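Below: one structure, written as structure tokens.
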Amino acid sequence: MLHAVEIIRKKRDAAELTPEEIHFLIRGATDGSIADYQLAAFLMAVVWRGMTAAELTALTDAMLHSGQMLDLSALRGSKVDKHSTGGVGDKTSLVIAPVVAAAGLDVPLGRKRVFVPMISGRGLGHTGGTLDKLESIPGFNVNLSLAAFRSILEKAGCALMGQTPEIAPADKKLYALRDVTATVESPYLICASIMSKKLAEGIGALVLDVKTGGGAFMKKQDEAEYLAELMVDAGKRMGKKVIALITGMDQPLGRKVGNALEVDECLDILHGGGPPDLRELCGELAAWMFVLGDRAANLDEGRALAAEMIASGRARDTFREIIRMQGGDPEIVDDPGRLPRAKNLAKVKSPRAGFVASIRCEQIGIASMVLGGGREKKEDAIDPAVGLVIERKVGESVDAGSTLCTVHYNSSARLSNAMDLLANSFTVADTPPEPEPLPLIRKVIGA
Ligand code: URA
């Protein structure tokens with residue numbers, strides 16, 4: 001007879017757990033027979049002690065089989081998804097999903113249509129979550145039945161939802177606990193979380209965006225590469241095509257941070273504008289999805305296809321369709337003023353003239369969370385309207401008294417806490433930063 005407390009103790013003392021012990025814990029997490037405090041203690045022990053390759057395989061496998069695996073073999077085409085390890089202003093899914101799905105019409109001979117079945121997460125720690133962003137679209141429903149998910153996927157080429165009691169329920173439980181117990185930052189827990197829900201989706205290929213830098217869970221590039229390798233290996237073990245881009249998260253991606261604000265910025269991209277860093281990363285991730293899904297012969301062709309989907313308006317049409325089919329207000333695509341808006345604005349001003357030398361990216365994410373854009377406790381409600389607009393990014397010049405960041409807020413008490421964080425989030429220097437910031441896309445693993 002296995003006992004949760006003995007398993008926790010064993011992990012705490014750095015002994016290797018057996019697959020049976022790991023499966024027992026994950027079964028208990030899924031059916032509620034192991035208490036949250038015991039699961040939280042186990043998670044903390046993993047953060048400290050790490051996992052062997054055999055333990056990680058057992059954990060990913062147990063979480064994957066905590067629910068069903070979608071069988072999408074009846075859909076004719078490739079099924080490809082993308083997932084990020086989490087960042088600040090990290091909103092690429094909302095652009096990539098419609099861009100890739102839009103290329104489903106007029107598929108040339110010898111190429112495949114790519115479907116995007118996307119099971120996403122909520123905000124975690126200081127990072128935002130795709131589900132919270134989608135829910136800022138009035139009416140948008142991320143709690144789909146599997147039948148509805150499949151039907152939307154078939155018709156629109158993409159459907160987006162959260163973990164359900166059927167798909168990766170163990171991750172749903174552990175993800176919410178990790179968010180509020182400081183147990184996110186473990187490559188093993190991140191790998192098992194991401195790969196269990198992604199492998200349950202019935203995909204053949206996966207593009208991972210592994211973030212590194214001050215606003216990522218993996219602060220150093222070698223840690224991000226280690227995580228990327230764990231995930232690529234886990235995917236390949238299951239016979240999937242997986243690649244990981246290592247991308248910079250030393251400052252927010254794009255300029256907007258906060259749920260509705262980020263949807264708004266994605267609409268800018270889908271309308272052919274938007275900030276260059278966000279545009280670049282979306283184009284690159286979409287291109288890889290086209291290549292892994294056999295829709296494009298090579299990356300250049302994939303990039304051109306992604307650009308064409310935006311320029312022709314087909315990605316916008318697809319996004320409108322996905323929103324409509326998931327119960328949301330499709331008119332936000334052409335009228336973003338219909339998205340929730342905060343009642344008040346405040347400004348963070350530069351104390352001096354110069355150039356933005358650095359931004360404390362994690363602190364920006366925490367400020368957005370404190371405003372109500374994320375959760376401090378797992379039952380907290382999200383305020384979809386609040387967040388930040390970064391008016392000056394690294395390397396940009398500022399005048400004394402000009403605005404570094406605009407704060408969108410609804411509660412003065414929350415504003416005051418956020419302002420305390422924002423006051424020292426920007427460093428302004430006399431000269432532009434030297435050396436030049438590293439490129440956004442640092443490396444590809446698994447290609
Ligand atoms: N995204 C996930 O789905 N899980 C994690 O643990 C981190 C990012």
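Brief remarks follow.
- Selection status of residue 117, more than 27 Å from residue 229 (Cα to Cα), crowded, with 22+ Cβ neighbours inside 10 Å, touching a residue at least 24 places away in the same chain (Cβ under 8 Å) and in contact with a Leu (Cβ under 9 Å, 6 or more places away or on another chain): no
- The requirement of being away from the ligand (no atom under 16 Å from the Cβ) and either touching a strand residue (DSSP E or B) at 6+ places or on another chain (Cβ under 8 Å) or at pLDDT 95 or above (or both) is satisfied by residue 241.
- Per the listing 133, 155, the residue uniquely basic (Lys, Arg), within 14 Å of the ligand (Cβ to nearest atom) and in contact (Cβ under 8 Å) with a residue 60 or more places away in the chain is 133.
- Residue satisfying all of: in the stretch 208-224; surrounded by fewer than 24 Cβ atoms within 10 Å (Cβ to Cβ) and within 16 Å of the ligand (Cβ to nearest atom); nearest to residue 447 (Cα to Cα) among these: 223
- Selected residue [open to solvent by less than 20 Å² (accessible area, probe 1.4 Å), of a type outside the set (D, E, K, R) and over 30 Å from residue 220 (Cβ atoms)] from 67, 104, 89, 139: 104
- Given (1) modelled with pLDDT of 95 or more; (2) touching a Lys or Arg at 6+ places or on another chain (Cβ under 7 Å), number of the condition residue 202 does not satisfy: (1)
- Taken over the stretch 247-267, the criterion of being surrounded by fewer than 24 Cβ atoms within 10 Å (Cβ to Cβ) and among the aliphatic types (A, V, I, L, M) is satisfied by 267 alone.
- Residue list for the stretch 316-334, restricted to those being aliphatic (A, V, I, L, M) and either touching an Asp or Glu at 6+ places or on another chain (Cβ under 9 Å) or surrounded by fewer than 20 Cβ atoms within 10 Å (Cβ to Cβ) (or both): 323, 325, 332, 333
- Residue, nearest to residue 253 (Cα to Cα), within the stretch 40-64, restricted to residues that are open to solvent by 20 Å² or more (accessible area, probe 1.4 Å) and away from the ligand (no atom under 16 Å from the Cβ): 48
- Residue list for the stretch 127-156, restricted to those being in contact with a Pro (Cβ under 8 Å, 6 or more places away or on another chain) and among the small types (Gly, Ala, Ser): 136
- Long-range neighbours under 8 Å by Cβ, at least six apart or interchain, first residue over 14 Å from residue 27 (Cβ atoms) within the stretch 1-14, second among the charged types (D, E, K, R) and not in a loop (DSSP other than H, G, I, E, B): 10/21; 11/49; 12/49; 14/49
- Any chance residue 138 is more than 10 Å from the ligand (Cβ to nearest atom) and over 17 Å from residue 258 (Cβ atoms): no
- Options 137, 96; residue that is among the β-branched types (Val, Ile, Thr), assigned to a loop (DSSP other than H, G, I, E, B) and at pLDDT 95 or above: 137
- Remark: pairs (first residue in the stretch 337-355, closer than 18 Å to residue 367 by Cβ; second residue basic (Lys, Arg) and open to solvent by less than 90 Å² (accessible area, probe 1.4 Å); Cβ separation under 8 Å; 6+ apart in sequence or on different chains) = 350/392.
- Residue selected from the stretch 153-169 under the condition modelled with pLDDT under 90, more than 28 Å from residue 212 (Cβ to Cβ) and of a type outside the set (A, V, I, L, M, F, W, C), by the criterion least open to solvent (accessible area, probe 1.4 Å): 164
- Residue selection: residue 280 satisfies the criterion of being out of contact with any helix residue (DSSP H, G or I) (no Cβ under 7 Å at 6 or more places or on another chain) and touching a residue at least 60 places away in the same chain (Cβ under 8 Å).
- Taken over the stretch 170-201, the residue count meeting the criterion of being more than 8 Å from the ligand (Cβ to nearest atom) and open to solvent by 20 Å² or more (accessible area, probe 1.4 Å) is 10.
- Of all residues in the stretch 367-380, those that are under 19 Å from the mean Cα position of the chain (by Cα), within 16 Å of residue 258 (Cα to Cα) and surrounded by fewer than 22 Cβ atoms within 10 Å (Cβ to Cβ) total 2.
The values are calculated or read from the model by the stated rules, or taken from the named source; none is laboratory data. Because the structure is a prediction, the values reported are computed rather than measured. Cβ sites come from the backbone with ideal geometry, for glycine too, and all protein chains shown count toward neighbours. Side chains are part of the model used for accessible areas, which takes the heavy atoms of the whole protein and leaves out ligands, DNA and RNA. Shrake-Rupley method; radii C 1.70, N 1.55, O 1.52, S 1.80 Å.
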